[in-house]
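**Student:** Following this message is one structure expressed as structure tokens.
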Amino acid sequence: MANELKLKTAESEKISHLDYFNIAVSVDCVIFGYEAKEIKVLLIKSDLKEFEGLYSLLGDLVKPDEDLTKSSYRVLKERTGLDDVYLEQVQAFGSVGRHPSGRVITIAYYSLLDISNHKLKLSHNELHWHSLKQIKKLAFDHKKILESCLHRLREQVMEQPVIFNLLPEKFSLRDLQEVYESILGVSLDRRNFRKKISVKDWLQDLNEMETNLSHRPGKLYGLKKQYQRKV
């Protein structure tokens, strides 16, 4: 007769591995915005002495009674006043020593929003938009997190219609190409770009034209309803 499995209680498991259950979990949000043909990221001045003078991503520890998704939206709401933006989980970062207060594993999310249509409701700790080109160093390992989220975004933009969260409801193909170019960091051939976008069948022709422009107006488009993702 096989030996019976000896069961242990959750309490005894906790006592025998106490250090393991004292690891904190946090969320960090990489909030990308688009303005004046440029991709930017929202940063806040770190309030930790160890990172005095440096900016950081927007994040916080996950509360004991809070799941990850709720925590990420809470961070957005508390730090920016916004609660109606696109948010997607990217990956975990758990290097030993990444946080000076102790062992902290963080879950990174990226968010996309059109800056002109999402005015920040808070401005504490010098919260403002930064050009990606000007960011040299961030608190914690946030530069690595930022670069990882940007890499994920670049992988997704031609396969999933996430990029439209950076645009207003109505936009021209010129506008759309400029957003792609700002994310990818390259110039795109106009004809090839439009061919690739048409194959995706993401766009709805609104039968409207641009107005009040110095250049020749283009047609206005919108993202088809079946591709519009709700936060």
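**Student:** Which percentage, to the nearest 5, of the DSSP beta bridges contained in the stretch 18-156 is antiparallel? Present the calculation step by step, with values, prior to reporting the outcome.
**Tutor:** On the way: 21 of 32 bridges.
The antiparallel proportion sits near 65 percent.
**Student:** Along the Cα-to-C-beta direction of K77, a point sits 7 Å from the Cα; which residues of the stretch 105-135 have their amide N less than 17 Å from that point?
**Tutor:** 121-122
**Student:** Tell me, what HN-Hα J-couplings in whole Hz come from the Karplus equation 6.51 cos²θ - 1.76 cosθ + 1.60 at θ = phi - 60° for each residue of the stretch 182-192, using x for Gly and Pro?
**Tutor:** Coupling constants for the stretch 182-192: 5, 6, 6, x, 9, 8, 10, 5, 4, 5, 5 Hz.
**Student:** Which ³J(HN,Hα) values, rounded to whole Hz and listed in residue order, are derived for the stretch 86-94 from phi using the Karplus coefficients 6.51, -1.76 and 1.60 in 6.51 cos²θ - 1.76 cosθ + 1.60 with θ = phi - 60°, glycine and proline given as x?
**Tutor:** Ordered by residue, 3J(HN,Hα) equals 5, 9, 9, 6, 10, 6, 9, 10, x Hz.
**Student:** Hey, can you grab everything whose amide H is under 5 Å from the amide H of V90? Only 5+ residues off in sequence or another chain; H modelled, so Pro and N-termini drop out.
**Tutor:** Long-range HN contacts for V90: A108, Y109, Y110.
**Student:** Which value does Rg/Rh take for the stretch 18-156 over its C-alpha atoms, Rh per Kirkwood?
**Tutor:** 0.95
**Student:** Distance between Cα centroids, the stretch 76-100 to the stretch 1-55: provide it in whole Å.
**Tutor:** If we compute the Cα centre of each part, the gap is 10 Å.
**Student:** About the Cα centre, and with charges only on the beta carbon of Lys, Arg (+1) and Asp, Glu (-1), how big is the dipole of the chain? Nearest 20 debye, please.
**Tutor:** For the chain, the charge dipole is close to 680 debye.
**Student:** Now for a different question. Within the set of other residues whose C-beta is less than 14 Å from the C-beta of K195, count the net charge using Lys and Arg as +1 and Asp and Glu as -1.
**Tutor:** Values: positive: R190, R191, R194, K196, K200; negative: D189, D201.
Summing Lys and Arg as +1 and Asp and Glu as -1 gives +3.
**Student:** What residue among L213, L132, L153 has the largest mean-square fluctuation in a Gaussian network model of the chain, using Cα springs under 10 Å?
**Tutor:** Sorting by GNM fluctuation, first place goes to L213.
**Student:** Place the peptides 96-102, 51-57 in order of packing, highest mean first, counting for every residue the other Cβ atoms within 10 Å and averaging per peptide.
**Tutor:** 51-57, 96-102
**Student:** Which GluC sites (Glu not before Pro) from the stretch 141-231 combine a DSSP loop assignment with at most 15 other Cβ atoms within 10 Å?
**Tutor:** E159, E169
**Student:** Could I ask something else about it? Hey, can you rank 42-50, 24-32, 60-68 by average C-beta count inside 10 Å, highest first?
**Tutor:** 24-32, 42-50, 60-68
**Student:** To continue, here is another question. To test your reading of the geometry: what angle, between 0 and 90 degrees and rounded to tens, separates the Cα axis of helix 142-156 from the longest principal axis of the chain?
**Tutor:** Its long axis makes an angle of about 50 degrees.
**Student:** Using amide H atoms built 1.01 Å from N in the peptide plane, name the residues 5+ places from L58, or on other chains, whose amide H lies under 5 Å from its own.
**Tutor:** Amide H neighbours of L58: C29, I31.
**Student:** Take the chain, connect every pair of alpha-carbon atoms lying under 10 Å apart with a spring to form a Gaussian network, then pick out the residue of N125, N22, N165 with the largest mean-square fluctuation.
**Tutor:** N22
**Student:** Here's another thing I want to ask about it. Past the 18 Å Cα-Cα mark, which pairs from K63/K121; K40/K144; K200/K225; K40/K137; K37/K121; K70/K144?
**Tutor:** Check vs 18 Å cut-off fails for K63/K121; K37/K121; K70/K144.
**Student:** A further question on this structure: Please name whichever of I105, V75, V62 sits farthest to the positive end of the charge dipole of the stretch 48-164, dipole taken about the Cα centre and charges placed at Cβ: Lys and Arg +1, Asp and Glu -1.
**Tutor:** After comparing all options, I get I105.
**Student:** How would you classify the stretch 1-51 from its alpha-carbon gyration tensor, with a ≥ b ≥ c the square roots of the eigenvalues: rounded for a/c under 1.5, else prolate if a/b is greater than b/c, otherwise oblate?
**Tutor:** Oblate.
**Student:** Considering only DSSP states other than H, G, I, E and B, which chymotrypsin sites (Phe, Trp or Tyr not before Pro) in the stretch 116-183 qualify as loop sites with at most 15 other Cβ atoms within 10 Å? Display every interim value, and only then the final one.
**Tutor:** Working: sites: W129, F140, F164, F171, Y180; in loops: F140.
In loop regions of the stretch 116-183 (DSSP not H, G, I, E or B), there are no sparsely surrounded chymotrypsin sites (Phe, Trp or Tyr not before Pro).
**Student:** Which of the listed residues, N117, L184, P161, is farthest toward the dipole's positive end in the stretch 79-198, when Lys, Arg count +1 and Asp, Glu count -1 at the beta-carbon?
**Tutor:** Farthest towards the positive pole: L184.
Throughout, read-outs are computed from the coordinates displayed, never taken from laboratory work. Just so it is clear, the model here is predicted, and its values are computed rather than measured. When we count neighbours, we look across all protein chains shown, and the Cβ atoms used for this are built from the backbone with ideal geometry, even at glycine.
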